[in-house]
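Participant: First the structure, then my questions, so here it is.
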Number of protein chains: 2
Amino acid sequence: MQHEFDFDGADEQGSEISTVHQFALKPFLARLLRHSRLSLEEHTAILNLKGRVARANIHHDIVSSGRAISHACLIVQGVVGRFDQIADGHRQITALHLPGDICNLHSVVWPDAWLGLEALSATTVLLIPIVELRALAAIHPAIALAFWLDTTVDASICAKWVSKLGRGDARGRLAHLLCELGVRMEQAGLATRTEFPSMIAQAQIADALGLSIVHVNRTMQSLKRDGLIRKRGHMILVDDWERLSTIAEFDPHFLLIAVSDETGKSEKVTPR
Amino acid sequence: MQHEFDFDGADEQGSEISTVHQFALKPFLARLLRHSRLSLEEHTAILNLKGRVARANIHHDIVSSGRAISHACLIVQGVVGRFDQIADGHRQITALHLPGDICNLHSVVWPDAWLGLEALSATTVLLIPIVELRALAAIHPAIALAFWLDTTVDASICAKWVSKLGRGDARGRLAHLLCELGVRMEQAGLATRTEFPSMIAQAQIADALGLSIVHVNRTMQSLKRDGLIRKRGHMILVDDWERLSTIAEFDPHFLLIAVSDETGKSEKVTPR
DNA sequence: CGGCGGTTTGACCTTCCTCAACTTCTGTGG
DNA sequence: CCACAGAAGTTGAGGAAGGTCAAACCGCCG
């Protein structure tokens with residue numbers, strides 16, 4: 001039984017599994033329910049998914065490019081980056097994934113990995129066999145659509161990144177990433193958009209923004225100098241969300257928020 | 001009945017429609033079959049889709065951002081660009097779509113348009129009501145998966161663009177785009193990868209690559225000077241595919257080619 | 001023939017990269 | 001509790017890639 005995984009030792013206990021499953025699958029279900037409406041039967045079908053808990057240390061590859069995928073990777077804790085390897089040794093991060101995300105859900109329809117997944121912090125994941133997810137999608141068409149929509153969110157974020165990398169200077173890119181992370185953490189119930197943990201290092205921000213480490217550092221300082229953000233311990237505080245999102249030209253539409261407005265946000269997307 | 005469309009006059013005739021439908025839907029079906037296996041019943045279900053033919057002149061928006069989507073847009077002729085509008089008036093193209101593509105298939109699961117679609121050349125499209133596609137997906141689970149996989153291809157291309165825009169100089173980006181277009185046109189049966197029409201202007205290439213027009217021009221000349229490409233009329237000739245794809249670091253994996261190898265390409269993806 | 005969209009060229013300037021050193025933080029073992 | 005090593009963050013100087021502006025040029029079509 002091969003793992004496409006660098007996990008450090010046997011850390012799965014019979015008793016731990018069920019609790020971790022609850023802990024892991026509920027946020028994922030919540031993420032799906034932000035966009036899709038599922039029946040109670042479908043809820044339980046998702047919550048009953050089986051998987052193997054594994055941990056990855058920072059900088060370890062969860063999936064190396066070029067290998068076939070047998071398991072989807074549901075993040076329990078930590079941050080995972082999808083990356084593309086460049087010939088000169090550099091990496092470009094093409095997507096960031098937070099707890100509650102399945103970072104390779106698209107593998108349900110295309111289980112070949114031309115991409116890589118790297119733990120950007122100490123990470124706990126639940127490895128769910130692709131075949132189980134595919135079976136679930138086959139039995140419950142609504143779940144198939146929910147999965148598809150979930151990957152559409154990722155695609156939408158990816159398109160926004162293209163836009164930011166193509167047009168947009170270092171300040172705009174960094175500001176946008178901070179806004180995006182803040183809102184996504186808030187959505188996931190992990191923090192607020194104006195106060196969230198800075199979970200990844202500047203080198204990794206650089207790989208995400210297509211900048212050098214040095215320039216990320218200077219740009220970060222420039223945002224601090226202007227009173228937009230601040231750091232307290234490992235927390236990033238956004239002191240002026242208005243100005244930061246203006247610099248970023250941040251329009252949360254691209255996160256495909258809303259539909260079922262359980263969060264009671266006053267400003268919501270209205271599909272006419 | 002509102003159109004989200006700038007089409008120039010009443011150009012749909014009863015007699016024309018059926019032939020255009022054949023002409024339009026067959027390449028789309030072929031595109032799906034490149035990745036997915038569908039039953040004969042599903043084939044005909046797709047070929048029997050109804051839509052309205054419309055034309056868009058170059059530079060006309062097919063879908064403006066911020067409007068709701070009621071129709072999916074199957075390209076019959078021409079090139080369509082997905083773009084994101086930037087505050088300073090610039091545009092960043094986030095995806096290019098060729099004949100046979102439905103350029104907003106994701107609207108089946110998320111019919112809200114935060115993006116825009118622009119005709120990058122004189123374009124003929126078939127506007128298919130989203131509700132019909134959704135119904136099709138509901139009735140035929142295999143079609144739902146095929147649609148999902150089709151949007152996954154787009155997402156995969158998008159991720160590659162992020163990688164190229166983030167790390168990669170002008171030469172690499174342009175070379176990669178030329179390789180991508182060549183292979184995609186070849187897949188679509190429109191041309192070969194070493195000789196294909198240059199359907200879009202340098203200004204639009206600039207908007208896709210995140211470069212200035214001037215720099216695209218100079219980079220193009222530099223590729224010509226090195227004997228990699230040539231122009232004959234409106235055709236782009238790739239004289240040295242090897243060297244061009246090396247410069248581009250072009251690895252066709254990201255196009256998610258293969259599965260059913262009808263093209264007889266010797267080098268194919270082998271999911272281990 | 002004139003005009004328009006697309007392409008080409010040159011000069012100058014900004015942004016960001018590279019390299020290399022240095023500092024601060026963090027965790028680990030003595 | 002300190003010492004140390006490794007990782008992360010910070011700083012400065014010089015250089016390269018690409019942007020901006022402005023002007024010409026070309027082919028196409030009315």
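The values are calculated or read from the model by the stated rules, or taken from the named source; none is laboratory data. What you see is a predicted model; the values in this text were computed from it and never measured. Using ideal geometry, Cβ is built from the backbone for each residue, glycine included, and neighbour counts are taken over all protein chains shown. Areas reflect the complete protein model, heavy atoms only, side chains present, ligands, DNA and RNA absent. Shrake-Rupley method; radii C 1.70, N 1.55, O 1.52, S 1.80 Å.
Participant: In peptide B:143-156, what is the residue-averaged number of other protein chain Cβ atoms found within 10 Å of each Cβ?
Facilitator: Working: counts 0, 8, 8, 1, 4, 12, 5, 1, 6, 11, 3, 4, 12, 7.
What the average comes to for B:143-156 is 6.
Participant: Right, another one. Return one number: the angle in degrees, 0 to 90 and rounded to the nearest 10, between the long axis of the Cα atoms of helix B:213-225 and the longest principal axis of the Cα atoms of chain B.
Facilitator: For B:213-225 against chain B, the angle is about 60 degrees.
Participant: Compute the angle between helix A:130-139 and the longest alpha-carbon principal axis of chain A, please, reported from 0 to 90 degrees and rounded to the nearest 10.
Facilitator: Helix A:130-139 and the main axis of chain A meet at about 80 degrees.
Participant: Follow-up question, since we're still on this one. A:Asp61 to A:Lys224: extension gain in nm, 0.36 nm per residue of separation minus the Cα-Cα distance?
Facilitator: Details: separation 163, 0.36 × 163 = 58.68 nm, distance 3.23 nm.
The span from A:Asp61 to A:Lys224 would gain 55.5 nm if fully extended.
Participant: Something else now. For A:His140, tell me the accessible area in Å² from a 1.4 Å probe, rounded to the nearest 10.
Facilitator: Here the accessible area works out near 20 Å².
Participant: Which distances in nm, rounded to one decimal and ordered from shortest, link the label point of A:Asp239 to the equivalent label points in the other identical copies, with labels set 7 Å from Cα toward Cβ?
Facilitator: Reported distances to equivalent positions: 5.9 nm.
Participant: Shifting gears a bit: What are the radius of gyration and Dmax of chain A, computed over its Cα atoms and given in Å?
Facilitator: 18.6, 55
Participant: More than 43 Å apart: what percent of Cα pairs in the protein assembly as shown qualify?
Facilitator: On the way: 21637 of 147696 pairs.
Every Cα pair in the protein assembly as shown considered, those over 43 Å come to 15 percent.
Participant: Something else: Label-to-label distances across copies for A:Arg218, with labels 7 Å out along Cα→Cβ, in nm, shortest first?
Facilitator: 2.1
Participant: Same structure again: For segment A:14-158, what does the convex hull of the Cα positions come to per residue, in cubic angstrom?
Facilitator: Values: hull volume 14.6 nm³, N = 145.
Convex hull of Cα atoms, per residue: 101 Å³.
Participant: Across peptide A:103-114, what mean number of C-beta atoms from other chains lies inside 10 Å of a residue's C-beta? Show your work: numbers first, answer last.
Facilitator: On the way: counts 0, 0, 1, 9, 1, 4, 13, 10, 1, 8, 2, 10.
Mean shielding count: 5.
Participant: Suppose only helical runs count, i.e. DSSP H with n ≥ 4. What mean residue ellipticity at 222 nm does that imply for chain B under -39500 (n - 2.57) per run, divided by all residues and rounded to the nearest 500 deg cm²/dmol?
Facilitator: Details: 8 runs with 111 residues, N = 272.
Value at 222 nm, helices only: -13000 deg cm²/dmol.
Participant: Could you work out how much longer the chain between A:Asp169 and A:Asn48 gets when fully extended? Use 0.36 nm per residue separation minus the Cα distance between them, nm to one decimal. Kindly include the intermediate steps, with their values, before the conclusion.
Facilitator: Working: separation 121, 0.36 × 121 = 43.56 nm, distance 4.54 nm.
Full extension of this stretch gives 39.0 nm more.
Participant: Now for a different question. What does the convex hull of the Cα atoms come to per residue for segment B:168-255, in Å³?
Facilitator: Numbers: hull volume 7.9 nm³, N = 88.
Enclosed volume per residue, from the Cα hull, is 90 Å³.
Participant: So, how do all the Cα-to-Cα distances of segment A:104-192 break down into 5 Å bins, in percent, from 0 on up?
Facilitator: With 5 Å bins starting at 0, P(r) equals 3, 10, 14, 20, 21, 17, 10, 4, 2, 0.
Participant: Let me ask another. For segment A:168-255, what is the accessible area per residue in Å², given a 1.4 Å probe and the full set of protein chains? Could you put the intermediate results ahead of the total?
Facilitator: On the way: 3890 Å² over 88 residues.
With the other protein chains kept in place, segment A:168-255 gives 44 Å² per residue.
Participant: A further question follows. In debye, nearest 20, what is the charge dipole magnitude of chain B about its Cα centre with +1 on Lys and Arg Cβ and -1 on Asp and Glu Cβ, if you could check?
Facilitator: It works out to roughly 640 debye.
Participant: Follow-up. Per-residue mean of other chain beta-carbon atoms within 10 angstrom of the beta-carbon, peptide B:85-93? Can you show the working numbers first?
Facilitator: Values: counts 4, 7, 5, 3, 0, 4, 3, 9, 3.
The shielding value for this peptide is 4.
Participant: While we're looking at this one, here's another question. Listed here are the pairs A:Lys26/A:Lys224; B:Lys26/B:Lys224; A:Lys26/A:Lys160; B:Lys164/B:Lys231; which of them are more than 32 Å apart at the Cα? It would help to have the intermediate numbers written out before the result.
Facilitator: On the way: A:Lys26/A:Lys224 36 Å; B:Lys26/B:Lys224 36 Å; A:Lys26/A:Lys160 28 Å; B:Lys164/B:Lys231 24 Å.
Result: A:Lys26/A:Lys224; B:Lys26/B:Lys224 exceed 32 Å.
Participant: With N set to the number of residues, divide the alpha-carbon radius of gyration of segment B:21-79 by 2.2 N^0.38 Å and report two decimals.
Facilitator: 1.32
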